[in-house]
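The values are calculated or read from the model by the stated rules, or taken from the named source; none is laboratory data. The shown structure was predicted, so the numbers you read here are calculated from the model rather than taken from an experiment. Quick reminder, even Gly has a Cβ in these numbers, built from the backbone with ideal geometry, and neighbours come from all protein chains shown.
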Amino acid sequence: MKSRKSHFPRIKTIAFEGPGSTNPLAFRHYNPDEVIDGKTMSAHLRFGIAYWHSFRGTGSDPFGPGTIVRPWEKGKDPVSVAKVRMDAAFEFFQKIRAPFWCFHDRDIAPEGRTLAESNRHLDKIVAHAKSLQKATGVKLLWGTANLFSNPRFMCGAATNPDAHVFAYAAAQVKKALEVTKELGGENYVFWGGREGYETLLNTNLKREQDHLAAFLHMAVAYAKRIGFKGQFLIEPKPKEPTKHQYDFDVASGIAFLRTYGLEKHFKFNIETNHATLAGHTFQHEIEVAAAQGLLGSIDANSGDPLLGWDTDQFNTDVRELTLAMLSILRAGGLGTGGFNFDAKLRRPSIDAEDLFHAHIGGMDAYALAFKLARSILADGGFERFVAERYASFDSGFGRDIETGKATFASLEKLVLTKLGEPKPRSGKQEYLENLLARHLHG
Ligand code: XLS
Ligand code: NI
Ligand code: NI
């Protein structure tokens with residue numbers, strides 16, 4: 001990397017300066033090299049940078065074009081521009097000290113006139129990415145295919161009413177799996193970008209869901225065939241772009257996977273803003289996935305409580321992240337997953353420096369949440385309270401209920417002859433909220 005021209009000449013590698021630092025270009029909580037429980041913070045948190053937002057996002061919105069102009073976005077040949085853009089991206093990954101990155105096929109390489117041409121472009125860029133990964137040590141957290149931008153996918157990809165479009169999407173994912181494998185991707189994500197419907201007047205819901213399942217089974221078979229060992233992840237989202245998406249939330253995703261015999265092959269990539277769009281908290285979605293051993297990875301971002309769409313903002317809400325981190329740590333962590341910043345700059349944030357501020361804020365918030373969650377777990381107050389709250393199931397007839405020995409008849413007999421009326425016990429929510437506040441704010 002040293003020999004290449006710098007794309008962020010005024011910004012040095014971000015250093016950890018500790019909580020007292022006032023330097024806006026330093027970490028205050030994320031100390032990538034700090035060893036905790038025999039592992040560096042970088043290895044615990046496995047931060048990833050989303051190529052689409054940070055290197056393809058221009059700030060455009062439905063009311064106007066892009067506002068963000070990057071100096072490397074110039075030149076006539078789109079493949080050459082894509083290579084220079086990628087040099088800039090890897091310089092950023094290194095300077096922000098993120099160990100991973102994530103991409104869609106069409107983010108990194110321009111789409112050609114035919115699928116064959118698109119694949120040729122992708123091959124050239126993937127070769128470049130491979131050499132940059134080698135030179136910098138930055139690894140691929142996950143790859144995915146963009147099956148939602150091109151007009152051919154306007155009515156969905158795997159759930160399109162036209163088998164021709166299904167076939168095209170299959171061919172595209174086949175290639176995306178190959179390149180993700182080539183780059184050593186640790187996971188592969190399926191986000192059903194337009195896998196849903198606008199109106200049931202023109203939709204056969206059952207057939208579309210069957211087709212989506214067939215598509216995912218083909219992906220499982222192909223991964224096996226090429227020896228791709230990465231974890232498959234489903235990323236639920238309730239709406240946007242379609243009015244109703246099939247993988248609405250984690251619970252409906254679990255039902256879908258089980259219905260079609262796919263549950264052994266997938267885990268969940270949970271995105272904060274998708275959780276809130278579904279009417280859940282971020283922590284709720286993590287708990288639902290973890291309860292079934294299906295917690296895979298996180299798309300780290302945030303919505304705006306006043307807006308009903310996917311605003312993809314950087315999350316600096318330490319309380320929300322600490323609660324999420326508690327559930328993640330209790331579940332034993334994310335395994336091959338990580339925290340991918342699926343988040344973008346606001347439209348008026350046009351400086352290259354803003355990209356650094358945004359990620360520093362997100363990384364610091366997660367790092368602080370990680371530390372707070374660890375100290376909350378070490379203190380054990382919540383664990384003791386909850387264990388005690390369910391203690392009646394640890395022995396006697398409670399244990400019989402959990403082990404399947406109790407019946408309606410045996411329990412009726414107990415209540416009539418021995419137990420009588422249950423004694424109400426406080427849930428102590430306010431006490432627990434104060435306990436949390438003490439951990440968060442002292
Ligand atoms: C969109 C999704 C998307 C996926 C990858 O809302 O978050 O960015 O993460 O296709
Ligand atoms: Ni996402
Ligand atoms: Ni999203």
Q: Tell me which residues, restricted to the stretch 125-152, are away from ligand 3 (no atom under 16 Å from the Cβ) and among the polar types (S, T, N, Q).
A: Ser131, Gln133, Thr136, Asn150
Q | Failed item, numbered, when Leu201 is tested on (1) free of Cβ contacts under 8 Å to residues at least 40 places away in the same chain; (2) closer than 25 Å to Ser297 by Cβ; (3) of a type in the set (A, V, I, L, M, F, W, C) | A | (2)
Q. Could you list, in sequence order, the residues of the stretch 258-284 that are in a strand (DSSP E or B) and within 15 Å of ligand 2 (Cβ to nearest atom)?
A. Lys267, Phe268, Asn269, Ile270, Glu271
Q) Being at pLDDT 95 or above, among the β-branched types (Val, Ile, Thr) and within 16 Å of ligand 3 (Cβ to nearest atom), is that true of even one residue in the stretch 303-317? A) yes
Q) Leu329 passes all but one of (1) buried (at least 20 other Cβ atoms within 10 Å of the Cβ); (2) hydrophobic (A, V, I, L, M, F, W, C); (3) closer than 26 Å to Leu45 by Cβ; which number fails? A) (1)
Q | Scope the stretch 314-339; condition over 19 Å from Lys39 (Cβ atoms) and either in contact with a Gly (Cβ under 8 Å, 6 or more places away or on another chain) or within 16 Å of ligand 2 (Cβ to nearest atom) (or both); matching residues | A | Phe314, Asn315, Thr316, Ala324
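Does Tyr168 satisfy the condition of being aromatic (Phe, Trp, Tyr) and surrounded by fewer than 20 Cβ atoms within 10 Å (Cβ to Cβ)?
Answer is yes for this residue.
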Q.
Condition check: under 30 Å from Arg28 (Cβ atoms) and under 20 Å from the mean Cα position of the chain (by Cα). Does Arg106 satisfy that?
A. no
Q.
Looking at the stretch 235-257, I want the residues that are under 12 Å from Glu285 (Cα atoms) and part of a helix (DSSP H, G or I) and have a partner that is within 16 Å of ligand 3 (Cβ to nearest atom) and not polar (S, T, N, Q) with Cβ atoms under 6 Å, at least 6 apart or on another chain. Which pairs are those?
A. Val250/Pro236; Val250/Phe268; Val250/Glu285; Gly253/Ile234; Gly253/Pro236; Gly253/Asp247
**Q.** Count - residues of the stretch 217-234 that are in a helix (DSSP H, G or I) and either at pLDDT below 95 or within 15 Å of ligand 1 (Cβ to nearest atom) (or both)
**A.** 1
**Q.** Leading residue by the ranking (farthest from Ile298 (Cα to Cα)) among those in the stretch 157-198 that are acidic (Asp, Glu) and over 22 Å from the mean Cα position of the chain (by Cα)
**A.** Asp162
Q: Determine which member of the set Asp379, Asp342 is under 26 Å from Gly185 (Cα atoms), in contact (Cβ under 8 Å) with a residue 60 or more places away in the chain and of a type in the set (Asp, Glu).
A: Asp342
(Q) Residues that are closer than 30 Å to Arg346 by Cα and within 16 Å of ligand 1 (Cβ to nearest atom): does the stretch 196-216 have at least one? (A) yes
Q: Looking only at the stretch 410-433, decide whether some residue is within 21 Å of Gly338 (Cα to Cα) and either of a type in the set (Val, Ile, Thr) or surrounded by 13 or more Cβ atoms within 10 Å (Cβ to Cβ) (or both).
A: no
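Taking the condition of being farther than 19 Å from Ala365 by Cα and either within 14 Å of ligand 2 (Cβ to nearest atom) or of a type in the set (S, T, N, Q) (or both), how many residues in the stretch 285-313 meet it?
So the count comes out to 5.
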(Q) Just the residues that are within 15 Å of ligand 2 (Cβ to nearest atom) and among the charged types (D, E, K, R), please, taken from the stretch 231-247. (A) Glu235, Lys237, Lys239, Glu240, Asp247
Q. Hey, any hits in the stretch 77-85 for a residue that's over 30 Å from Trp309 (Cβ atoms), of a type outside the set (D, E, K, R) and touching a helix residue (DSSP H, G or I) at 6+ places or on another chain (Cβ under 6 Å)?
A. yes
Q: Enumerate the pairs (first residue in the stretch 268-280 and free of Cβ contacts under 8 Å to residues at least 60 places away in the same chain; second residue anywhere and of a type in the set (A, V, I, L, M, F, W, C) and assigned to a strand (DSSP E or B)) with beta-carbon separation below 8 Å, excluding pairs fewer than 6 apart on the same chain, so at least 6 apart or on different chains.
A: Phe268/Leu233; Phe268/Ile234; Phe268/Leu295; Ile270/Leu295; Ile270/Ile298; Thr272/Ile298
Q | Hits in the stretch 136-156 - residues which are part of a loop (DSSP other than H, G, I, E, B) and over 21 Å from the mean Cα position of the chain (by Cα) | A | Gly137, Asn150, Met154, Cys155, Gly156
(Q) Being small (Gly, Ala, Ser) and either away from ligand 1 (no atom under 14 Å from the Cβ) or touching a residue at least 40 places away in the same chain (Cβ under 8 Å) (or both) is the filter here; which residues of the stretch 281-307 pass it? (A) Ala289, Ala290, Ala291, Gly293, Gly296, Ser297, Ala300, Ser302
Q. When the residues of the stretch 334-366 are filtered to those that are closer than 16 Å to His29 by Cα and surrounded by fewer than 22 Cβ atoms within 10 Å (Cβ to Cβ), which remaining residue is nearest to ligand 1 (Cβ to nearest atom)?
A. Gly361
